[in-house]
Amino acid sequence: MDLLHNFMNIVAPPTSFITLLFFLPPYLFFKSILSILGSIFSEDLAGKVVLITGASSGIGEHLAYQYAKKGANLVLVARRVSRLQEVADTARDYGSPNVLVIQADVSKVDDCKRFVDEAVNHFGRLDHLVNNAGIASVCMFEDSPDITNFAPIMDTNFWGAVYPTYYAVPHLRQNKGKIVVMASAGGWLAVPRMSFYNASKAAVINFFEALRVEFGPDIKITIATPGYIESELTQGKFLSKEGQMEVDQEMRDVQIGPVPVLLAEKSAKGIVNSVRRGERYVTEPSWFKVTYLWKVFCPEVLEWWFRLLLLTEPGTSHREALNKKILDVTGAKNILYPASIQTPELKAD
């Protein structure tokens, strides 16, 4: 057995490299043809039934508006029902013929079964499931007084996508529907203080990549990996080390620094268009995909860069991080951050 592994260690790398040299050009050409065809024959969403979790704000809210503009019927799910009603009213103005609002918590399996059942009972079908609900945490691993405080991150971000999917699959399969998963570039970027969030998004990516193989052509899956997008997260709403939701814009400035934040409307438009074309992955803004290349080819450089920009000396406030200093000195926030996230009126609910 050892001899076989030694043989494979010698043969597999060069063989794979040579194979890719011949296989990659026709593969990329074929992919480009499919992309062109997808753009020409994009899915008509008029009359389709789309269920969106976490639809009360941020990308979820604007995904609802983009689907509404295409004439889709909507099922909007979130915990804040009053805010959902406002989103529903706007979606109707944008052209959605029928909007159903359901208050629910995606981290609770019974709630997920209930809102999928209510959606199907109301409309008689389900065409798209958009797993968008999510929360973030910001805390150095060793600073946590109780590690269980971060269980809600996985409960919401991972299980909050798995539970609805489990109950929606039979209905999606009937209509050859689609699943849209809101992961994050954090799924491949090892950003300090966001280890739990990063892990939850990496779990989401891998889980739905496996489901893509299992479902085959019956249910298409689009995995969205946004960078920094206008949302409650980029407004500074995080789960603290004490396990409480809080709004901390200074910490937001430390984590994001002088990186441009994309408007939620533009991000949502790009995601919905990619879903209509049947694309497997979409990253908004698209330039953020270069970070994946750095991760694959130069991980040490990326780690050094994060340490330089985001971390401080022991005993020093995180607000002394170079990332925040650059932002404060240059005044770049006024240019790089949308007005809605510069002085947000958020509640730490």
Point to revise | Between the stretch 184-218 and the stretch 55-88, the alpha-carbon center distance in angstrom | key: 24 Å
Exercise for review: Report in % the part of the accessible area of the stretch 39-341 that belongs to carbon and sulfur, leaving out ligands and nucleic acids; probe 1.4 Å.
Suggested key: 54 percent
Revision key, fill the gap. Which residues qualify? For residue 75, with a placed amide H closer than 5 Å and at least 5 residues away or on another chain, they are 50, 51, 52, 100
Point to revise | 3J(HN,Hα) from dihedral phi, the stretch 167-178, Karplus parametrisation 6.51/-1.76/1.60, rounded to Hz, x for glycine, proline | key: 7, 8, 3, x, 6, 5, 5, 4, 10, 6, x, 9
**Study point:** Phi to ³J(HN,Hα) by Karplus 6.51 cos²θ - 1.76 cosθ + 1.60 over the stretch 29-34, Hz, x for Gly, Pro
**Key:** 5, 4, 4, 5, 5, 4
Practice item. Quote the convex hull volume per residue of the stretch 62-120, based on C-alpha atoms, as a whole number of Å³. Key: 68 Å³
Study note, to complete from the structure: With every protein chain kept in place and a 1.4 Å probe, the stretch 16-133 has an accessible area per residue in Å² of 49 Å²
**Study point:** Binned Cα-Cα distances of the stretch 202-343, short to long, each 5 Å bin given as a whole percent
**Key:** 2, 9, 14, 17, 19, 17, 12, 7, 3, 1, 0
Exercise for review: Give me the compactness ratio for the stretch 14-119, meaning the Cα radius of gyration over 2.2 N^0.38 Å.
Suggested key: 1.53
Check your understanding: What share of the DSSP beta bridges in the stretch 39-341 is antiparallel, in percent to the nearest 5?
Key -> 10 percent
**Study point:** Separation of the residue 240 and residue 81 label points, Cα + 7 Å toward Cβ, nm
**Key:** 2.9 nm
Practice item. Any chance you could run the full-extension gain for residue 146 through residue 174? It's 0.36 nm times the residue separation minus the Cα-Cα distance, nm to one decimal. Key: 5.6 nm
Study note, to complete from the structure: For the stretch 142-152, in residue order, the Karplus 3J(HN,Hα) values (coefficients 6.51, -1.76, 1.60; θ = phi - 60°; whole Hz; Gly and Pro = x) are 6, 8, 6, x, 8, 4, 6, 4, 9, 4, x
Practice item. Can you tell me how much longer the chain between residue 213 and residue 296 gets when fully stretched, taken as 0.36 nm per residue apart minus their C-alpha distance, in nm with one decimal? Key: 27.6 nm
Point to revise | Residue-span extension gain [residue 32 to residue 17] - 0.36 nm each, minus C-alpha spacing | key: 3.2 nm
Study note, to complete from the structure: Expressed in angstrom, Rg and Dmax over the Cα atoms of the chain are 21.3, 68
Check your understanding: Relative contact order (percent) for the chain, with alpha-carbon contacts under 8 angstrom and 6 or more residues of separation?
Key -> 16 percent
Revision key, fill the gap. Between residue 303 and residue 69, Cβ-based FRET efficiency (R0 41 Å, step 0.05) works out to 0.50
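The values are calculated or read from the model by the stated rules, or taken from the named source; none is laboratory data. Everything numeric here is computed off the predicted structure, so don't read it as measured data. Note that each Cβ is placed from the backbone with ideal geometry, even for glycine, and that neighbours are counted across all protein chains shown. The protein model used for the area step is the full one, side chains on, heavy atoms only, and it has no ligands, DNA or RNA in it. Shrake-Rupley method; radii C 1.70, N 1.55, O 1.52, S 1.80 Å.
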